[in-house]
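Following: one structure in structure tokens, then a few remarks.
The values are calculated or read from the model by the stated rules, or taken from the named source; none is laboratory data. On a predicted model such as this, the values are computed, not experimentally measured, just so you know. Please note: Cβ atoms are built from the backbone with ideal geometry, for glycine as well, and neighbour counts cover all protein chains shown. For the accessible areas, the whole protein counts, side chains as well, though only heavy atoms, and no ligand, DNA or RNA atoms are used. Shrake-Rupley method; radii C 1.70, N 1.55, O 1.52, S 1.80 Å.
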Amino acid sequence: LGQSSVALLDGETIVDTGSLARRPMLVDALETAGVDPADVSDVLLTHLHFDHVDNVDLFSNATVHVYDPELEHAENGGFDWATPRSVAGLLDGRDVVRFTEGEVLDGIEAVHTPGHVEHHVSFIVEDGMTYGLTGDAVKNVREFETRNPFTIYDDGFGRETLDALAERLDFVDPGHDVPFYVTESGGAAPCGDVDLTVRLQ
């Protein structure tokens, strides 16, 4: 728990920020990638669990993009065991953009992917293939292949989400595992030649 993925796109956009416990690993990985956190322009959040938002303050100059229903849910006290009660403080004083489904940034589409939590989103990029940065909609390869997701909200929605992502995506960067290709049958195939992410495993 807490060893979540942080995706770096084009050196300027971060998808999720990892847990505070993994902050030194994130700082080291960004340094290795030659990225100064102050130069990151945008942070996209799949949901507001601690292991995906704790390090948002590291990217001090970035605009933070949060799915409007997820942020509204937290603002109205809709906390579960993994959503920090301090989430408002994490975002206070920041340039926060609330978004709904559709294009969030140029070439990056947000898709509602409920299951793990009700107001979860995944980000999809079309670039020769269809890439999915899925957060915890797809936590790992095993959940994807078995269609047996760990969900807080609803198992049925989680399975439907996995089926929909398997049908649409060619490549998955999951929330807590290494990236993989999606096979024609909707399974997973190992990936060793696509470097999309700063890994925090």
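Okay, here's what the table says:
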quantity: Relative contact order, percent, region 128-193 [alpha-carbon distance under 8 Å, six or more residues apart]; calculated: 38 percent
quantity: Simple label model, 7 Å out from Cα along Cβ direction - S86 to H112, nm; calculated: 3.2 nm
quantity: The chain - share of DSSP beta bridges that are antiparallel (%, nearest 5); calculated: 60 percent
quantity: Stretch gain in nm, segment A21-A189, where the contour uses 0.36 nm per residue and the Cα spacing is subtracted; calculated: 57.5 nm
quantity: Solvent-accessible area, 1.4 Å probe, carbon plus sulfur percent, for region 59-181; calculated: 45 percent
quantity: Relative contact order %, the chain, counting alpha carbon pairs below 8 Å whose residues are six or more apart; calculated: 21 percent
quantity: Fluctuation leader among P24, P69, P114 - the chain, Gaussian network, Cα springs under 10 angstrom; calculated: P24
quantity: Distance between region 85-114 and region 144-172 - C-alpha centres, whole angstrom; calculated: 21 Å
quantity: Value of Rg to Rh for region 82-201 (Rh from inverse mean 1/r over Cα pairs, i.e. Kirkwood); calculated: 0.98
quantity: Dipole magnitude of the chain about its Cα centre (Cβ charges: Lys, Arg +1; Asp, Glu -1), debye to nearest 20; calculated: 640 debye
quantity: Simple label model, 7 Å out from Cα along Cβ direction - E12 to R98, nm; calculated: 2.7 nm
quantity: Relative contact order of region 26-68, defined on C-alpha pairs under 8 angstrom at six or more residues apart (%); calculated: 43 percent
quantity: Size of charge dipole - region 65-184 - debye, nearest 20, with Cβ of Lys, Arg +1 and Asp, Glu -1, no other charges; calculated: 400 debye
quantity: Residues of the chain: accessible area per residue with a 1.4 Å probe, Å²; calculated: 45 Å²
quantity: 222 nm mean residue ellipticity, helices alone, for the chain (DSSP H n ≥ 4; -39,500 (n - 2.57); rounded to 500); calculated: -6000 deg cm²/dmol
quantity: Note, ³J(HN,Hα) from phi for region 130-141, Karplus 6.51, -1.76, 1.60, rounded to Hz, x at Gly and Pro; calculated: 9, 9, x, 9, 9, x, 8, 4, 10, 6, 7, 4
quantity: Listed residues L8, N76, T183: farthest to the positive end of the dipole of the chain (Cβ charges); calculated: N76
